[in-house]
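Just below is one structure, and these are the notes that go with it.
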Amino acid sequence: MSAALSDATPGATPGAMSDTTPGATSGATSGATSETAPGAAPGVRSAPTAPPARPVTVLRVNLVDPAPTAASLAARYRAAVEMAAFADDRGITMIQTEEHHATGNGWMPSPLTFAGAVFGATRRIGVTVSALITPLHDPLRLAEDLASLDLLSGGRLVTVAGIGYRPEEYAAHGKDWAGRGALQDEVLGTLLSAWTGEPFSYRGRTVRVTPRPFTRPHPLLLIGGSSRAAARRAARLGLPFFPSARLPGLEAYYHEQRAVHGTEGWVLQPPERTCLLHVSEDPDRTWAEYGGHLLHEARTYASWQSAGIRSAVRSAATDTETLRKEGVYRILTPDECLTLAQQAGTQGSLILHPLCGGMPVDEGWRSLHLFAERVLTRL
């Protein structure tokens, strides 16, 4: 799901955040313009309006397909962009996506390309990449790409920088797994220097990156993870911290480290319980027909996790019956989803995952329409 943090989005939400989805609300926007309308993405300035009295809503997209073909993946990519446009038109807050490599099921390898396609098809909705495995990227090129996306979108991009938890991904890109901490330090430092628009020293030479991003002083950038090293890095750089699960002790440690370094910052804690949702008029039928898709994603993600990794959306299920009882993946009727939204209130979030685990596109559309037309309209 995410790299070195859950996709409790994701856009979260990732997605499943408390009162703030990365980039979805404002007030807490270290590294972004503060003149944001409630509910707007960072950097997008508009006339003040009353925020909707409903939770943050997130459309999660990772384009997994258990038996991918060129045709099936092309259809899935097209559907995802069309769903983003539909979500934008219906007032959904955020698209959440992530980065993974060396998989056999097409799990999103190029989230920035996907984000660009979404921005070209939408006007208001934000995109959270949670997480981007930043050590795998060329630092200067990444600074340019993120600045360009920030300009293209008018400030709607949110990036959660993760260090990753799969050595296979580093091997696939010719990167040193053992040196991932140093790689992360270099890329984050480069981004912050590059986005000033001023010359700076990079690998022994002086460089300057243009254009500057739309958002000032820079696009919203959080550091994700579940380790003290991640919290220390975020505190030292004065960047917000996004733990991969609800970890109050790690939040306290982050603030201790901020005091040591004299920096500002904030923590975006996932809620105690994070659910990935599919909406159906007949959950029993949908579990019977499509539960295997949810299980495919859950088991794939769990297989990547080492003992020390903490995630808000990790499942221990090995069959659909257990997965259903566990509650990380939930298939709800519109009325049940409405009740969940009302219980969450304005401090909560709803993460819809219509294409989960290779879910057929038509079924994904049914879920999204039910959510938009029979849940959102009643909030």
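The values are calculated or read from the model by the stated rules, or taken from the named source; none is laboratory data. Every value quoted in this text rests on a predicted model; they were computed, and no experiment measured them. Don't worry about glycine lacking a Cβ; one is built from the backbone with ideal geometry, like all the others, and counts go over all protein chains shown. To get the accessible areas, we keep the full protein, side chains included, count just its heavy atoms, and leave off ligands, DNA and RNA. Shrake-Rupley method; radii C 1.70, N 1.55, O 1.52, S 1.80 Å.
Tabulated values for the structure
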quantity: Filter result for the condition that a residue is modelled with pLDDT under 95, charged (D, E, K, R) and farther than 30 Å from residue 67 by Cα, over 216, 273; calculated: 273
quantity: Cross-chain or 6+ apart pairs with Cβ under 6 Å, region 166-195 first and farther than 16 Å from residue 131 by Cβ, then aromatic (Phe, Trp, Tyr) and open to solvent by 40 Å² or more (accessible area, probe 1.4 Å); calculated: 167/177
quantity: Any chance residue 167 is out of contact with any Ser or Thr (no Cβ under 9 Å at 6 or more places or on another chain) and either open to solvent by 10 Å² or more (accessible area, probe 1.4 Å) or modelled with pLDDT of 95 or more (or both); calculated: yes
quantity: Verdict on residue 235 being farther than 24 Å from residue 126 by Cα and open to solvent by less than 60 Å² (accessible area, probe 1.4 Å); calculated: yes
quantity: Residues of region 52-79 that turn out to be in contact with an Asp or Glu (Cβ under 7 Å, 6 or more places away or on another chain) and over 21 Å from residue 156 (Cα atoms), as a count; calculated: 4
quantity: Hits in region 281-295 - residues which are surrounded by 19 or more Cβ atoms within 10 Å (Cβ to Cβ) and either under 30 Å from residue 227 (Cβ atoms) or in contact (Cβ under 8 Å) with a residue 60 or more places away in the chain (or both); calculated: 286, 290, 293, 294, 295
quantity: Single condition residue 226 does not satisfy, out of (1) in contact with a Leu (Cβ under 9 Å, 6 or more places away or on another chain); (2) of a type in the set (Ser, Thr, Tyr); (3) open to solvent by 10 Å² or more (accessible area, probe 1.4 Å); (4) modelled with pLDDT of 95 or more; calculated: (4)
quantity: Considering residues of region 85-123 that are in a loop (DSSP other than H, G, I, E, B) and over 17 Å from the mean Cα position of the chain (by Cα) only, the residue surrounded by the fewest Cβ atoms within 10 Å (Cβ to Cβ); calculated: 104
quantity: Residue that is nearest to residue 54 (Cα to Cα), among those in region 73-84 that are touching a residue at least 24 places away in the same chain (Cβ under 8 Å), open to solvent by 40 Å² or more (accessible area, probe 1.4 Å) and not hydrophobic (A, V, I, L, M, F, W, C); calculated: 82
quantity: Single residue of region 315-345 satisfying the filter (open to solvent by 80 Å² or more (accessible area, probe 1.4 Å), more than 27 Å from residue 372 (Cα to Cα) and not hydroxyl-bearing (Ser, Thr, Tyr)) that is farthest from the chain's Cα centre (by Cα); calculated: 321
quantity: Subset of region 238-251 that is free of Cβ contacts under 8 Å to residues at least 40 places away in the same chain and open to solvent by less than 50 Å² (accessible area, probe 1.4 Å) - its residue that is farthest from residue 131 (Cα to Cα); calculated: 250
